[in-house]
Amino acid sequence: MHSSARHSHGAANEAPTKGLTMRGGWRYDLHGWFIDTFRFRGQGRELRRRTAMLAQLRSGEQVLDVGCGTGTLALEARKRVGNAGRVCGIDPSSEQIARARAKANRHHLSVEFQVGVIEQLDFPDQTFDVVLSTLMMHHLPTPLKRQGLSEIARVLKPGGRLIIADFTHKKQRQGQGARFHAGGSDLQDLVNMVTEAGFAPIETEEMPPLRFSAFPGAALIRARKS
Ligand SMILES: C[S@@+](CC[C@H](N)C(=O)[O-])C[C@H]1O[C@@H](n2cnc3c(N)ncnc32)[C@H](O)[C@@H]1O
């Protein structure tokens, strides 16, 4: 899943960040499908399905997907909020954003995909009802996670919902997995950071590692801006 990951220091049309930027566009999607189907036994798709369910998106809501990659979840969100709603997706990689736009066009769905970074969201205060983030937090070093969470709190409306789904169990990972997931946090660390950013109450749900699969285990957090 990480054949084309790199720290971006401002490559052409790419937003500079200390996070781990993904590239590859359609190749990333193909590789991701292969890994999810044959190594994770569909747990990646299940994680996005659960994220959309937990968000309880309603018609007309405004939604932001941070670290949207090639846009799969943002497109699902668009179907759920309908024509009266608005969905935006940001990612530092221009290649992933181009792929996300192509998918939106193919499905005749209007989603505003932009090159951008969680640490500096290009939206006014209190814009969104819901912010989503899947498999992205482990791409960020801890200070950037804190900065990103405070940016999310800024762009959410009072009472707005934040749903984070990410790999956990950092300590159990080894080899290449550990290297690429160096930013992975224990669930409790992530909950503490979300609390510090001004969210309460916070609910959590775990997806344990699956037997006979390489799926490393994940957790979902649902939190409300106080
Ligand atoms: C594993 S991918 C997940 C993509 C998508 N959310 C999904 O579930 O398929 C992680 C994404 O986080 C993005 N990313 C890395 N640093 C970031 C940052 N500072 N701000 C926003 N996104 C970032 C990467 O470019 C990558 O597309």
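The values are calculated or read from the model by the stated rules, or taken from the named source; none is laboratory data. Note that the structure is a prediction, hence the values are computed from the model and not measured. Heads up, the Cβs are rebuilt from the backbone with ideal geometry, glycines too, and the neighbour counts pull from every protein chain shown.
Overview of values
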quantity	calculated
Candidate set from region 65-102 (those that are of a type in the set (D, E, K, R) and surrounded by fewer than 22 Cβ atoms within 10 Å (Cβ to Cβ)); member that is nearest to the ligand (Cβ to nearest atom)	E76
Lone unmet requirement of (1) in a helix (DSSP H, G or I); (2) surrounded by 15 or more Cβ atoms within 10 Å (Cβ to Cβ); (3) of a type in the set (K, R) for R41	(1)
Filtered residue count, region 146-159, keeping only those that are surrounded by fewer than 24 Cβ atoms within 10 Å (Cβ to Cβ) and of a type outside the set (S, T, N, Q)	8
Every pair of residues 6+ apart whose Cβ atoms lie under 9 Å, when the first sits in region 110-135 and is farther than 19 Å from E14 by Cα while the second is of a type in the set (F, W, Y)	L135/F167
Residue check, T142 buried (at least 24 other Cβ atoms within 10 Å of the Cβ), away from the ligand (no atom under 12 Å from the Cβ), in contact (Cβ under 8 Å) with a residue 40 or more places away in the chain and more than 17 Å from E61 (Cα to Cα)	no
Residue list for region 171-226, filter: of a type in the set (D, E) and modelled with pLDDT under 90	D186
So Q62, is it within 9 Å of the ligand (Cβ to nearest atom), at pLDDT 95 or above and crowded, with 18+ Cβ neighbours inside 10 Å	no
